[in-house]
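The values are calculated or read from the model by the stated rules, or taken from the named source; none is laboratory data. In this text the structure is predicted, and so the values were computed from the model without any measurement. Note: ideal-geometry Cβ built from the backbone for every residue, glycine included; neighbour counts use all protein chains shown. Heads up: the accessible areas ignore ligands, DNA and RNA and are worked out on the full protein's heavy atoms, side chains in. Shrake-Rupley method; radii C 1.70, N 1.55, O 1.52, S 1.80 Å.
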Number of protein chains: 2
Amino acid sequence: MTAAIEPHPALAPLLAFIGTWEGEGEGEYPTIAPFRYRERLSFEQVGKPFLTYEQRTWSVTNGAPMHRECGYLRIIPDTSPPVVEFIIAQPTGIAEVAEGTLADGVVDVSTTTTGCTATAVPVSGVRRRLWLEDAALHYELSMATPGTIDARHLAARLDRIDRP
Amino acid sequence: MTAAIEPHPALAPLLAFIGTWEGEGEGEYPTIAPFRYRERLSFEQVGKPFLTYEQRTWSVTNGAPMHRECGYLRIIPDTSPPVVEFIIAQPTGIAEVAEGTLADGVVDVSTTTTGCTATAVPVSGVRRRLWLEDAALHYELSMATPGTIDARHLAARLDRIDRP
């Protein structure tokens, strides 16, 4: 339904992120054993000054589904460097609001509000960085938990799968 | 990819909500003129104790896209009445965590955390109720804003469109 819609002009700095990407990532944290995962991620435009965002990961060993999340990456028109806002829902019971900028090609946002349900394992201080390099989408995610500050948790490199 | 996955046993009280629904709704608020909208909404299961949630609305007069949101409806196993948690991301810059129960067939949740980006129009006190009646999915949403407490904002009746 969105194929014929022109991108909103404010999206210009984010156009190269639009698409469906797939690849592998590495998870680590001071409190857990390192692991690898497979991931598919998509950013789509719908004619407004945001991208829709959806991703899911699964085990590289047995294909079992792991994490998934969805949300929106907003860009605020007429800001320099562009202000970006990432709103993310997670089925682990967490709703993130992360804010930052798109500077030197890097979407760099940190959580300003993290909502957790009563049954969620709380996290905080999540920082997400996304950039394009060698025609691939890269991201890194670091976070804080009780007793650990700003440790890298996830890093992935995803190749575009929706265009030849 | 999810067609062959059995629903998680905890989803039993929510199974009837699974599907894609479409219909019309009415918007109102003390501060705005009433309006009607068309909506498509889907709940899907992926083998875990939550449903994925996605919806969008558009104008009944010119088809222009209006709102959209996405997230997850969790159900907590072995609670009675079942505890449910709704995690929702909105491209308006809002991330909602809403918690409540599924009692007498009604998913009744109220926001416990509402994250807003710096550029969002803040809302609070959102209560969402969803139920099935006459083979249709109904919902009502009320909310508070500065100066207005617990006023009804949205009500819709959606018919199933994914099964004969």
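Here are a few things to note about the model shown:
- Residue A:87 being surrounded by fewer than 22 Cβ atoms within 10 Å (Cβ to Cβ), at pLDDT 95 or above and within 12 Å of another protein chain (Cβ to nearest Cβ): no
- Restricted to the range B:139-153, and to residues there that are over 15 Å from residue B:106 (Cβ atoms) and either open to solvent by less than 30 Å² (accessible area, probe 1.4 Å) or β-branched (Val, Ile, Thr) (or both), the residue that is farthest from the chain's Cα centre (by Cα) is B:148.
- Selection from the range B:46-89 of residues that are among the hydrophobic types (A, V, I, L, M, F, W, C) and under 27 Å from residue B:121 (Cβ atoms): B:58, B:60, B:64, B:66, B:70, B:73, B:84, B:86, B:87, B:88, B:89
- Taking the criterion of being within 15 Å of residue A:90 (Cβ to Cβ) and open to solvent by 10 Å² or more (accessible area, probe 1.4 Å), the residues of the range A:23-56 that qualify are A:53, A:54, A:55, A:56.
- Here the strands (runs of 3 or more DSSP E) wholly within the range A:1-85 that include at least 2 residues being within 15 Å of the chain's Cα centre (by Cα) and farther than 26 Å from residue A:150 by Cβ are A:19-29, A:32-45, A:50-59.
- Members of the range B:121-164 that are out of contact with any Lys or Arg (no Cβ under 9 Å at 6 or more places or on another chain) and either free of Cβ contacts under 8 Å to residues at least 12 places away in the same chain or not in a strand (DSSP E or B) (or both): B:121, B:122, B:123, B:146, B:147, B:162, B:163, B:164
- For residue A:116, the conditions (1) closer than 22 Å to residue B:70 by Cα; (2) surrounded by fewer than 20 Cβ atoms within 10 Å (Cβ to Cβ) are fulfilled apart from (2).
- Whichever residue in the range A:91-104 is within 26 Å of residue A:13 (Cα to Cα) and surrounded by fewer than 24 Cβ atoms within 10 Å (Cβ to Cβ) and, among such residues, is nearest to the other protein chains (Cβ to nearest Cβ): A:99
- Residue check for residue A:20: open to solvent by 20 Å² or more (accessible area, probe 1.4 Å) and touching an Asp or Glu at 6+ places or on another chain (Cβ under 6 Å): yes
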